[in-house]
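Novice: This structure is in structure tokens; I'll ask about it shortly.
Every number here is computed from the coordinates shown, using simple stated rules; none is lab data. Nothing here was measured: the structure is a model prediction, and the numbers come from that model. Backbone-built Cβ (ideal geometry, glycine too); neighbour counts: all protein chains shown.
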Amino acid sequence: MVPVPPDSSSTSGPPLHRFRPIQALGIALGVLAICLVAVALDLARTRPSRAEAERLTSTLGLTDLALVNEARYLRHLSLADLHSPFQDHPVALEHFPAGAVIAPPTHLRVSARPSAPPLCR
Amino acid sequence: MRRWISRQALLIDYTLSALARRGGRSLGLLVVYAGVVFLLASTMLFTNALRSEARAILAHSPEVLLQKLKAGRHSYLTQADLDRLGRLRGVSRIEGRKWGYFFDPVFGATYTLMAPASNSPGRGKIHVGDGVARTRGLSTGDTLALRSAAGGLHVFTVERLFSPESSLVAADLIVMHPADWGAFFELPDDVFTDAALSVVNPLEVRSIARKVGDRIPETRVILREEILRTYDALFDWREGLLLALASMAVAAFAILAWNQASGLSVDERREIGILKAIGWDTRDVLTMKLWEGTLISGAAFFLGFLGAFVHVFHFEAALIAPALKGWSVLYPRLVLTPSVDAVSFLTLGLLTVLPFTLATLVPAWRAAITDPDEVMRGTT
């Protein structure tokens, strides 16, 4: 069994108030809760709105996210074709760094073709 | 119940004291552990937020897009091509879109120049995206001079700046009058980059796309559902790549954690021996070790996750966003709407907290079932 600490009331003199580690844990959890509330309040106050992005997409007919614009086939990924990354040259290499971390559009992949035939070339 | 709670409180008390005695080692483990959770949670929150932004925003894209191909390359649609489409049942509007790219050699940035058929700015006026304004230091009323490919200088007045919240779709956008666009690119009025079709009934999109392909065979049709699928797949792929890179850090941490958790030091074995000798039973020792694993891994998980949340949604993912940018000079501000996927949160929690907690139990159990005298003497 876990040994029970001696009862301070049975000893003579004033009771000894030792700062227990579990109290430190309680304080840490309290601080963490305050941090969480502060973060939530801050985000609720500055919550970004998608309204303008949605309005622009709707009125201008935008099709892609402006995540990367170093090459045209990365800026408008969904409108790209399979040849543009290779600069229309038979043995050219695709050389933009972001091209290495962006997969081709799903409708251009060979596996996607049978399910969506004549639309995708 | 009260007795059980006070017993657990005493055990936590003892565990924290024991952790404090090994302060440097415990703190080091906590920092590395929280760092790994931070890295994984940042990747997860960032890609989840981008994925939900893409879904919400691109749901407003045109239902069907039409591109003309000539000899396998993208070509311009003309008014005659659109006339060939004629009236299509179920299509409420066919609109030729005018847009193109312009490389600005001064700043090394590529802009998207667009001229909508309706609600465009007046002649000589432009609306610019947040990224263009930031790169060129523009504000409303300023002028922007662009030299076209033909060499002519075109001067535009900035009428409006798009807000940073729209940056994700409009960072590099310059919207101008169609006549200005035609003059800048030296293209006739009846030429379009592509065409957008508005479809009344979403169920008819595929059949309309087939009809379009039949009427103008040298075209490529792109559906909104394909655009949405592309971005879903993009973020799955990107998340996979980032996690693959992070897996090295995770592997290094796993070795460290296993070493820390599964191998008891001589001091820890002696401590268990003494506890047993003064009356603790095996269950107490195991409960104490369970608390040790839970406290370390739980604290690391919450600190790491909270840090990742603040990093992604408050500091716009400053540490991992450079992986996105590549050579882009002009990039969007990633003002993302906070969203936490409960399944991902729980998966990450289980994958990080549970293995470490369990790994602390086995060696403690082996030490706890051995004779205290042998453990204290270090003969086992």
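Novice: If each residue of separation counts as 0.36 nm, what is the full-extension length gain between B:ALA20 and B:LEU69 once their alpha-carbon separation is subtracted?
Specialist: On the way: separation 49, 0.36 × 49 = 17.64 nm, distance 7.02 nm.
Length difference between fully extended and current span is 10.6 nm.
Novice: Shifting gears a bit: Pull out a ≥ b ≥ c, the square roots of the eigenvalues of the alpha-carbon gyration tensor of segment B:215-357, then state rounded if a/c is under 1.5, prolate if not and a/b is larger than b/c, and oblate in the remaining case. Working shown, then result.
Specialist: Details: a/c = 3.26, a/b = 2.95, b/c = 1.11.
Note, shape of segment B:215-357 comes out prolate.
Novice: Rank these for me by crowding, B:TYR14, B:TYR101, B:TYR331, going from fewest to most other beta carbons within 10 Å.
Specialist: Values: B:TYR14 20, B:TYR101 15, B:TYR331 23.
If I rank by nearby Cβ atoms, fewest first, I get B:TYR101, B:TYR14, B:TYR331.
Novice: Within 10 Å, count the other beta carbons around each residue, average over each peptide in B:4-13, B:215-224, and list them highest first. If you can, show how the numbers build up before the last one.
Specialist: Details: B:4-13: 14.9, B:215-224: 18.5.
So the peptides B:4-13, B:215-224, ranked by packing, come out B:215-224, B:4-13.
Novice: On a C-alpha basis, how far is the centre of segment B:1-56 from the centre of segment A:31-51 in Å? Whole number, if you could?
Specialist: Segment B:1-56 and segment A:31-51 have Cα centres separated by 21 Å.
Novice: Among B:GLU204, B:GLU95, B:GLU225, which one shows the biggest mean-square fluctuation in a GNM of chain B, springs joining Cα atoms closer than 10 Å?
Specialist: Residue with maximal mean-square fluctuation among B:GLU204, B:GLU95, B:GLU225: B:GLU204.
Novice: Can you sort B:SER166, B:SER42, B:SER247 from fewest to most other Cβ atoms within 10 Å of each residue's own Cβ? Spell out each step's value before the answer.
Specialist: Values: B:SER166 29, B:SER42 23, B:SER247 12.
Ranking B:SER166, B:SER42, B:SER247 by Cβ neighbours within 10 Å, fewest first, gives B:SER247, B:SER42, B:SER166.
Novice: Still on this structure: Any idea what % of Cα-Cα pairs in chain B are farther than 32 Å? Before the final figure, lay out the partial values.
Specialist: Values: 39462 of 72010 pairs.
In whole percent, the long-distance tail amounts to 55.
Novice: If you don't mind, there's one more thing I want to ask. Please give the calculated 222 nm ellipticity per residue for chain B, where each DSSP H segment of at least 4 residues contributes -39500 (n - 2.57) and the sum is spread over every residue; nearest 500 deg cm²/dmol? Present the calculation step by step, with values, prior to reporting the outcome.
Specialist: Working: 13 runs with 213 residues, N = 380.
Mean residue ellipticity at 222 nm (helix-derived): -18500 deg cm²/dmol.
Novice: Could you tell me whether segment B:1-48 comes out rounded, prolate or oblate from its Cα gyration tensor? Rule is a ≥ b ≥ c as square roots of the eigenvalues, rounded for a/c under 1.5, then prolate if a/b exceeds b/c, otherwise oblate.
Specialist: Oblate shape, in that a/c is at least 1.5 and b/c is the bigger or equal ratio.
Novice: Starting from the alpha-carbon convex hull of segment B:1-134, give the projected area averaged over all orientations, in nm².
Specialist: Working: hull surface 81.6 nm².
Spelled out: convex hull of the Cα atoms, projected over all directions, averaged, 20.4 nm².
Novice: Right, next: Binning at 20 angstrom from zero up to the longest distance, how are the C-alpha pair distances of the protein assembly as shown distributed in percent?
Specialist: Taking every Cα pair in the protein assembly as shown, the percentages come to 19, 40, 22, 15, 4, 0.
Novice: Could you work out the percent of alpha carbon pairs in segment B:77-192 separated by over 16 Å, rounded to a whole number?
Specialist: Numbers: 4136 of 6670 pairs.
Result: 62 percent of Cα pairs exceed 16 Å.
Novice: Rounded to whole Å, give me the distance from the Cα center of segment B:72-94 to that of segment B:318-370.
Specialist: So the separation of the two Cα centres works out to 49 Å.
Novice: Right, another one. Averaged across the residues of B:60-73, what count of C-beta atoms belonging to other chains lies within 10 Å of each residue's C-beta?
Specialist: Values: counts 11, 8, 6, 0, 1, 4, 0, 3, 0, 2, 0, 0, 5, 4.
Rounded to a whole number, the mean comes out at 3.
Novice: Gap in Å between the Cα centre of segment B:176-205 and the Cα centre of segment B:267-312?
Specialist: 64 Å
Novice: Between B:ASN119 and B:GLU95, what length comes free when the chain is fully extended (0.36 nm per residue of separation minus the Cα-Cα distance, one decimal in nm)? List each step's numbers first, then the result.
Specialist: Working: separation 24, 0.36 × 24 = 8.64 nm, distance 1.34 nm.
Stretched out fully, the B:ASN119 to B:GLU95 stretch lengthens by 7.3 nm.
Novice: Further, regarding this structure: Which helices of chain B meet both criteria: a Cα extent of 27 Å or more along the helical axis and a mean Kyte-Doolittle score no lower than -0.5, with helices taken as whole DSSP H segments? Mind dumping the intermediate values first?
Specialist: Working: long enough: B:2-21 (28 Å, 0.00); B:23-58 (51 Å, 1.14); B:224-262 (52 Å, 0.51); B:282-313 (46 Å, 1.04); B:342-368 (38 Å, 1.53).
Counting only whole DSSP H runs, the qualifying helices are B:2-21, B:23-58, B:224-262, B:282-313, B:342-368.
Novice: Ignore the peptide's own chain and count Cβ atoms of other chains within 10 Å of each Cβ in A:95-108; give me the average, rounded. Intermediate values should be presented prior to the final figure.
Specialist: On the way: counts 1, 3, 5, 6, 1, 2, 9, 7, 9, 4, 8, 9, 9, 2.
What the average comes to for A:95-108 is 5.
Novice: Let me ask something additional. Per residue of B:221-229, what is the mean number of Cβ atoms on other protein chains within 10 angstrom of that residue's Cβ? Show your work: numbers first, answer last.
Specialist: On the way: counts 5, 7, 5, 2, 2, 9, 8, 2, 6.
Average per residue, whole number: 5.
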